[in-house]
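S.K.: Supplied in structure tokens, the structure appears directly below.
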Amino acid sequence: MALYKQSDDMAVLGELYQRYMDIVYGVCLKYYKEPETAKDSVMQIFEELVSKLKRHDVDNFRGWLHQVAKNHCLMQLRTPKNLKTVEFKTELVQSEENVHLNGVLEKEENFKKLEYCLGTLTNEQREAIKLFYLEGKCYNEIAETTGQDWNQVRSFIQNGRRNLKICMERQESGVGSRESGVRD
């Protein structure tokens, strides 16, 4: 390297480069995957070395050359002529309107399942569930409204909630039928 920097003799640089050309070719082949393109880059990198060696102080020529080759390949792959474009088909993309509509339809389906499952509960469970969850009444208010004992109200709500959950899960899995509701 020192001899080349002093003399600017291309033969000296060529002899030095010859020792590491296999490494440079290997790096280029790794990135390009095409032998001819890799060979072209080996020659281009040699041409880059003519000016780069004059500007840089290099302690480890082999490591430095490996990095120069890697950077060269990456820069070539990033040029516009090497960037591959893919046609964008808008009909394959879900529009926001469709996503919103799907969400609305899913909610509607869940309401239908819930309505069906409410119908599978005993009258006491159904009434307690509606008063508690839909009307927001507390256990004491439900007990006053229905004339049931506080513990019975609690039991109707707990069992009704469990039975609704079982029914909804069966509906989700497609197993549900009018007779599948569990009642306590």
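S.K.: For residue 112, go through the lysines and keep the ones whose alpha-carbon is under 27 Å away, minus same-chain ones fewer than eight residues off.
M.R.: 130, 137, 165
S.K.: In what order do 173, 155, 41 fall by count of nearby beta-carbon atoms within 10 Å, going from fewest to most? List each step's numbers first, then the result.
M.R.: Numbers: 173 8, 155 16, 41 22.
Fewest-to-most Cβ neighbours within 10 Å comes out as 173, 155, 41.
S.K.: Ok, one more. Taking 0.36 nm per residue of sequence separation and subtracting the Cα-Cα distance, how much length would be gained by fully extending the chain between residue 36 and residue 22, in nm to one decimal? If you can, show how the numbers build up before the last one.
M.R.: Values: separation 14, 0.36 × 14 = 5.04 nm, distance 1.41 nm.
Roughly 3.6 nm would be gained on extension.
S.K.: What list do you get for 120, 146 if you sort them by fewest beta carbons within 10 Å?
M.R.: Numbers: 120 21, 146 16.
If I rank by nearby Cβ atoms, fewest first, I get 146, 120.
S.K.: Near residue 54, which lysines are there with a Cα under 19 Å away, not counting those fewer than 8 places off in the same chain?
M.R.: 5
S.K.: Oh, and also: Could you list which residues have their amide H under 5 Å from that of residue 137, counting only those 5 or more apart in sequence or on another chain, with H placed in the peptide plane?
M.R.: Correct list: 132.
S.K.: Among 79, 122, what is the fewest-to-most ranking by other Cβ atoms within 10 Å?
M.R.: In increasing order of surrounding Cβ atoms, one gets 79, 122.
S.K.: Tell me, what ³J(HN,Hα) does each residue in region 116-125 have, in order and in whole Hz, if you take phi through Karplus 6.51 cos²θ - 1.76 cosθ + 1.60 with θ = phi - 60° and put x for Gly and Pro?
M.R.: 4, 5, 4, x, 8, 7, 5, 4, 5, 5
S.K.: What length, rounded to one decimal in nm, is gained on full extension from residue 169 through to residue 123, with 0.36 nm per residue of separation minus their alpha-carbon distance?
M.R.: Full extension of this stretch gives 14.5 nm more.
Here, each number is a calculation from the coordinates, and none is a lab measurement. From a predicted model like this one, the values you see are computed outputs, not experimental measurements. Reconstructed Cβ throughout: ideal geometry from the backbone, glycine too, with neighbour counts over all protein chains shown.
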